[in-house]
1. Computed FRET efficiency, Cβ-Cβ of Leu7 and Tyr112, R0 30 Å: what is it to the nearest 0.05?
2. Helix-derived [θ] at 222 nm for the chain: sum -39500 (n - 2.57) over DSSP H runs of at least 4, divide by residue count, nearest 500?
3. Once each part is reduced to its C-alpha centroid, what is the distance from the range 5-72 to the range 88-163 in angstrom?
4. Would you kindly compute the Cα radius of gyration of the chain and its largest Cα-Cα separation (Dmax), both in Å?
5. Picking from Leu46, Ile85, His203, whose Cα lies most toward the positive end of the charge dipole for the chain (charges on Cβ: Lys, Arg +1; Asp, Glu -1)?
6. Given 0.36 nm per residue, what is the gain on full extension from Ile17 to Glu232 after removing their alpha carbon distance, in nm?
7. Each label point is 7 Å from the Cα along the Cα-to-Cβ direction; what then is the distance between the points at Thr204 and Ile54, in nm?
8. Sorted from fewest to most neighbouring beta carbons within 10 Å, what does the list Ser102, Ser136 look like?
Amino acid sequence: MRTLTLLYTIWATFWFIFLFVLLFPLFWLFLQKPEWKSKAHYLNRLWGKLFFSIAGIPVKVQYDFEPDLKKTYVFCANHFSYVDIAAMGIIIKNYYAFVGKSSIKGIPLFGYMFTKLHIQVDRGDKNSRVTSMTRSLKELQSGRSVMIFPEGGIWSKNIPKMLLPLKDGGFAMAIKQQIPIVPITFLNNYKIMQEGKFAIYPHTLRAIVHKPIDTTGMTKDDVNSLKNSYYEVVQGALDNYKA
């Protein structure tokens, strides 16, 4: 069984990297002008679709809400696996800026795409956090959605329980701009790829896009209340799935 898992992992990893390298010339081209960046975003979506299809990982999404492509949202999801990043690109059609760890920029080729297309943050650096918040607000003001993992990384030691407390950033910016939070639950990505293990398993990827949480009329004093509402939705779905 271990041998089969290793062979499958190597095979899936090959396709993940090969497809990105194959598409990279187009990524590079579309990242040369700001007005072309949306094309690079949708190229990311194509990359994800091709990978999950070739890897034999079906994607099943329950849409309790279909985000309007013409509207702006803050998408917030639980984060238990690196598969989450690729999965987000295929379940959400909207053009969004992903707020992720600055260490990603060190990955060859992929780091270039991430740096040009998304928003980096070093959570251990106050200045970096402020800069990423400023950039995120500018994106929201321009009409581009933002996607964030409120746990701040894969830190939970009790999966599928989310790590608390959640970071304020995504909720604070949603309130500031008076735009909805859209909760997303990745139900079993941690079974496909576990943190700290070089192993990929061909499970069906399951996710839920929940109804948005309205922030109209909220102020900065409501950040904790908004975080609690989000947590109840996502953790509730995780608990129901486990049960």
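Each reported figure results from applying straightforward, stated rules to the coordinates on display, with no laboratory input. What you are looking at is a predicted structure, and each value in this text was computed from that prediction instead of being measured. All Cβ positions, glycine included, derive from the backbone under ideal geometry; neighbour counts span all protein chains shown.
1. Using R0 = 30 Å, I get an efficiency of 0.50.
2. Working: 8 runs with 113 residues, N = 243.
Here the helix-only value at 222 nm equals -15000 deg cm²/dmol.
3. Result: 16 Å between the Cα centres.
4. Spelled out, the Cα radius of gyration and Dmax of the chain are 17.5, 56 Å.
5. Leu46
6. 73.8 nm
7. 2.4 nm
8. Details: Ser102 18, Ser136 25.
Ranking Ser102, Ser136 by Cβ neighbours within 10 Å, fewest first, gives Ser102, Ser136.
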